[in-house]
Amino acid sequence: MIKTLVLPLKTSTLHFANVQARKQLMARGAKMELFITQPDDWHLHLRDGDLLEAVIPHSAFHFRRGIVMPNLKPPVKTTAAAVAYRESILKALPANSDFTPLMTLYMTDTTNPEEIKLARESGFVQAVKLYPAGATTNSQDGVTDLFGNCLPVLEEMVKQNMPLLVHGEVTDPGVDIFDREKVFIDTVLIPLIQKLPQLKIVMEHITTADAARFVESCKAGFVAATVTPQHLVLNRNSLFQGGLQPHNYCLPVLKRETHRQAIVSAVTSGSKRFFLGTDSAPHERQRKECSCGCAGVYNAPVALSLYAKVFEEAGALDKLEAFTSFNGPDFYGLPRNTSKIKLIKRRWKVPESFSYASGEIIPMFAGETLDWMPSPV
Ligand code: OTD
Ligand code: ZN
Ligand code: ZN
């Protein structure tokens, strides 16, 4: 007979005794279930067209809300475009899904401060995204000179309490690709915070010990960071293990093991400054497996399983729920979700691929077995 150990709704109330009991039950083949407030994804690429239709069910199954990135072709630069994109996402959702897309605007050198007012008034746009031009996929229209061209927009964002979401890497080809995050902190983020200390900033997808330390050093409530599953479970060796591994290639690129360990420590420490952002970024298989492959890891189907694994291995399952479900809405000033999901400690196999009209998508850890299975309550 399978015994079920149900951990308390509030995992933060988990006591040492529960942990001991859990270990004993697990040793006897019991099934462990973790009930947590439904998570949100604070950094998500949903694309458009048939790719959107192919991927949205995975995010909608796991997450209640998602901050949707604006790097479409062409980018989502205006509130009107964000509202139209939101409509197409809602149309693509599976029937009865209550997934809510939270929209973002793509900042350019010519973004008008008026656009920020419109964005706030719309009620649909929650943030503005800064891509240094050329830093990542579809960032060609991004910002070339933040301090020269964008100060009035940033000042309006402070007035509107609109967070700036930052792809934190410099684009100077003379800077080594593994150092671009650290150089961005020193040359852009620190001066930006000095100029506009009231601006809310999310440093997206942090990958280094330097970034984790920097976020911790900032004023609470003004600077936070999202962390992806791939940067928590993989290091740069995974790009070359047994041959070139295009499905592990993303930007910012995976870093060395010491950096991975530092961001695991940061997120499992219980700090409120770090929250879940998958950066799930699907590309059709041929566009990854070719002579100049696209950057992006498709992790929506496996993200929650992987986050649970990271917290479990760190002995910090009691801190998982704050990372997945509390720290994000608290930072954005949005209500926490009231619905719950269940994470069952049960092995499951990740599909090899997902087919759709234009081809197929290969998920992170395709064909491999994971330990935690998310399930509706
Ligand atoms: N990184 N790929 C993509 C975006 C992200 O920088 C990012 O947020 C993408 O494909 O849109 C990637 O590797
Ligand atoms: Zn990015
Ligand atoms: Zn992204």
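Each value in this text was obtained by applying a stated rule to the coordinates, not by laboratory testing. Being a predicted model, the structure only gives us computed values, none of them experimental. Neighbour counts are summed over all protein chains in view; Cβ atoms, including those assigned to glycine, are modelled from backbone coordinates with ideal geometry.
Observations, loosely collected:
- Under a Gaussian network description of the chain, with springs only between Cα atoms under 10 Å, the residue in 366, 314, 54 that fluctuates furthest is 314.
- Under a Gaussian network description of the chain, with springs only between Cα atoms under 10 Å, the residue in 87, 284, 53 that fluctuates furthest is 87.
- Viscosity 1.567 mPa s, 4 °C: Kirkwood-radius Stokes-Einstein D of the chain over Cα pairs, µm²/s: 62
- Take the Cα of residue 287, go 7 Å toward its beta carbon, and the backbone nitrogen atoms of the range 132-148 under 15 Å from that spot belong to 136-140.
- For the chain, the longest principal axis of the Cα atoms and the long axis of helix 49-62 meet at an angle of about 50 degrees.
- Each residue of the range 65-72 was assigned a 3J(HN,Hα) from its phi angle through the Karplus expression (A = 6.51, B = -1.76, C = 1.60, θ = phi - 60°), giving 9, x, 7, 8, 6, x, 8, 7 Hz with x at Gly and Pro.
- For the chain, built as a Gaussian network whose Cα springs stay under 10 Å, the top-fluctuating residue of 282, 229, 74: 74
- Between 0 and 90 degrees, the angle of helix 113-122 with respect to the longest Cα principal axis of the chain falls at about 40 degrees.
- For a label point 7 Å along the Cα-to-beta-carbon line of residue 358, residues of the range 46-78 with backbone N under 17 Å: 46-57, 69-76
- Length gained when the stretch residue 236-residue 159 is fully extended (0.36 nm per residue, less Cα-Cα span): 23.7 nm
- Helix 16-27 vs. the chain, principal-axis angle (Cα, 0 to 90°, nearest 10): 60
- Cα-based shape type of the range 85-163, given that a ≥ b ≥ c are square roots of the gyration tensor eigenvalues and the cut on a/c is 1.5: oblate
- Amide H contacts for residue 66 (H built 1.01 Å from N in the peptide plane; partners 5 or more residues away or on another chain; cut-off under 5 Å): 41, 100, 102.
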